[in-house]
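Some notes on the structure that comes next.
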Amino acid sequence: QGTTALPWLPLQSRCRVRLGAMFRASDIFGKRGAGALTTVPAVQAGGAVKRPHSGGGAGPVNRVWDPATGKFYEEDVPADIQELMGLQKKAKVEHDASQDLQKAWQSPTPPKAAKVLGPSSVGLAAKGQTPAPQKRGLGPGGEVDRTAPSVEYRGFSKVDLDDRYFERAHVVIHARPTYWSSDGQFFIYWQGEVQRWSICDAASFPAVKAGQLPGWAYKEDHRHLCQANGWMEAWNGEWRSPDLEVMFRSSSHHKPQWEDPIVQKSVSTVEFHGFCMKELNTRYFLRLHQVIQGRPSFWDASGVYFVYWQQTAERWAICDLKCLDAVQSGQCPGWAYRSDRGHPASACGWMESRHGEWVPAVLETTVIGTCQRGLKVEFSGFSKQDLNTEFTERPDEEIQGKPTYWESSGNYFVYWQQSMKRWAMCDKISLQLAQSGLAPGWAYRKDSQHFTKANRWMEVWGKDWKDSTVVCTLLEGVVKDNTPMVKAELKEEAGGTQLSGRQYQTLVRRIYERKNPTKLPELEAIFERWTDREPELFSNVCSKYGVDPDEAAMDLQQPGEEVPEESTPGVANVRAADAVGAEDGEDIYAHLEDAEVPHLKASEYAVLVQSLYEQHNPQKLADMGRLLRKYKARERELYLEVCKKYAVHPAKFHARQNDEQGMEGQMAEPA
């Protein structure tokens, strides 16, 4: 090989022809034509190999083996390969002046941007010619003031509506201020004719001023803007209800925003920013069951700081957990307080301590609201088929302090019986009785738990009550019930049958003795942490270990629980006269003076005992369930003892109740 290969040139030529069938990268990318193998120029013996490239050294080269010489030679990488490798830019195309003549006859207007659909797509467009869009960042009257009170929405399907809207008090529609997005493209206004809020685009503002009612979304329940429930939005040619989060912000230099008592009821979450004490700058949640000095309180997520009502000073304040005992005893400690009686969500009026002095706090408050889907449930298992149907929550229609739930025809509803501490089903005919505080119904729960839990129901069966196996299926919404399973201790003027803190501790100890004895050494520390909150502790322990709280408390003897009690003769005579209902001084049941009460069913005795307590001691109604359990199978004995206590003739009272029930018709009064 090498220089001695010349005599073998014919054989090498044949090898070169065969090697020509092999491809290099430049051949694959089309640098050379088919079968066009570049031949290396002939070389003289001992001569240098010629390199067929530019020789500038700036571009990349390929090394190629030459079988004729037995050496490598270099060649330039083709330009199109360099372009693919990102090593060489495309050559600029020369401008063709002839194209200018063709474009000279075309319209100089640039292509239009994609058209944004407005209310016209869902039939909400303003009538007449649509005005030009507002300049971005501007609305009627100039720039939007971003320091004004604002409301922010999140969750609309049309994302353009998810924005923060600032109040413009000088731009008024139907006697109410409007709220504008920061870019001035959308605004919220009051539709006076239909009494509701609506969100519209700025292009339709002249039509709104002219009295029309265009809009992308509207609030169908006519309530405050801070409430997430009640909004309807136009989407895909129809109206739908979005799941929103709403944040209403105000600052210390704004006027009070929460003076309306109806609006105050909707405030459940408040967030503070601006206190010098950083721990106070957090989010507080309303606890309806945590009543302090006469009003529910707001607590942060950690349960350390809370906002409470100071009864003696008639103002709201913020305090921490270590002062809870002092607060519950009526004292007024706190890290910050309001200088007026205004709602705690108002940013103006708060005072805080700085360098040992009380000074006005510079704050921003945010009231946060989220969509709370009303409950929708379905009952099955009642003997009365009208009750086996779907019931939907009506949060605005409260009876005895809680929302009601209605079936589609509006003939039956589920409501809370405050005097009995339980849920019941009633019909529309007895609605006024229920609203007045009485307890009519076709069925009722046997405990105070929410009606969606378990199946402990009683229902009317002829003239009697019977246990029913009822199934309640939750179709929509989330159950949020703050009713404790065991009633909290109440202050009564004389006596009472409520449990004390010490008795709740005894009940908790008994549960741990049966369910988890290993926790007994820790009980004292647990009781110390739950001081003044023993009912809540008892409820939590019962839930954890699956214990029925009523059954756990049934055998616990309480002071003042015994029913027999001698009454003074004077009071007895008055009560006896009341019991028989002698309106004109004549006893119409005198013929029953020596009669005994007939033997009745257990449920009938329970109804009589309930009626006695309603007339003579309504506070005892809260303990009816426990008393009936204690006197199970001895209901007649219970009735006679209660009659003796209140100096009521058993037979006469029974006769009078029968006469009254006969006049009330077939509507049953639950025991």
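The values are calculated or read from the model by the stated rules, or taken from the named source; none is laboratory data. All figures in this text were calculated on a predicted structure; none of them were measured in a lab. Here Cβ is always computed from backbone atoms with ideal geometry, including for glycine, and neighbour counts include all displayed protein chains. In case anyone asks, the SASA skips ligands and DNA or RNA and just uses the protein heavy atoms, side chains included. Shrake-Rupley method; radii C 1.70, N 1.55, O 1.52, S 1.80 Å.
Distance between the 7 Å Cα→Cβ label points at Gln418 and Ser266: 2.4 nm.
Contact order normalised by length for region 302-457, with contacts defined as Cα pairs under 8 Å and 6 or more residues apart; what percent is it? Averaging sequence separation for qualifying contacts and normalising by length gives 10 percent for region 302-457. Residues of region 411-428 with an amide N closer than 19 Å to a point placed 7 Å from the Cα of Lys466 along the Cα-to-Cβ direction: 425.
Keeping every protein chain present and rolling a 1.4 Å probe, give me the accessible area per residue for region 385-486 in Å².
Working: 4880 Å² over 102 residues.
Ligands and nucleic acids excluded, the figure is 48 Å² per residue.
What FRET efficiency, computed as 1/(1 + (r/R0)^6) with R0 = 35 Å and r the Cβ-Cβ distance, is obtained for Gln385 and Glu660, rounded to the nearest 0.05? Calculated value: 0.75.
The fraction of accessible area contributed by carbon and sulfur in region 189-335 is 51 percent, rounded to a whole number (1.4 Å probe; ligands and nucleic acids excluded). Listed values for region 284-294 are Karplus-derived 3J(HN,Hα) couplings in whole Hz (6.51 cos²θ - 1.76 cosθ + 1.60, θ = phi - 60°), namely 10, 10, 6, 10, 5, 7, 9, 8, 10, 6, x, and x replaces Gly and Pro. Modelled label positions at Asn540 and Lys630, each set 7 Å beyond Cα in the direction of Cβ, lie 2.9 nm from each other. Modelled label positions at Thr282 and Thr147, each set 7 Å beyond Cα in the direction of Cβ, lie 3.1 nm from each other.
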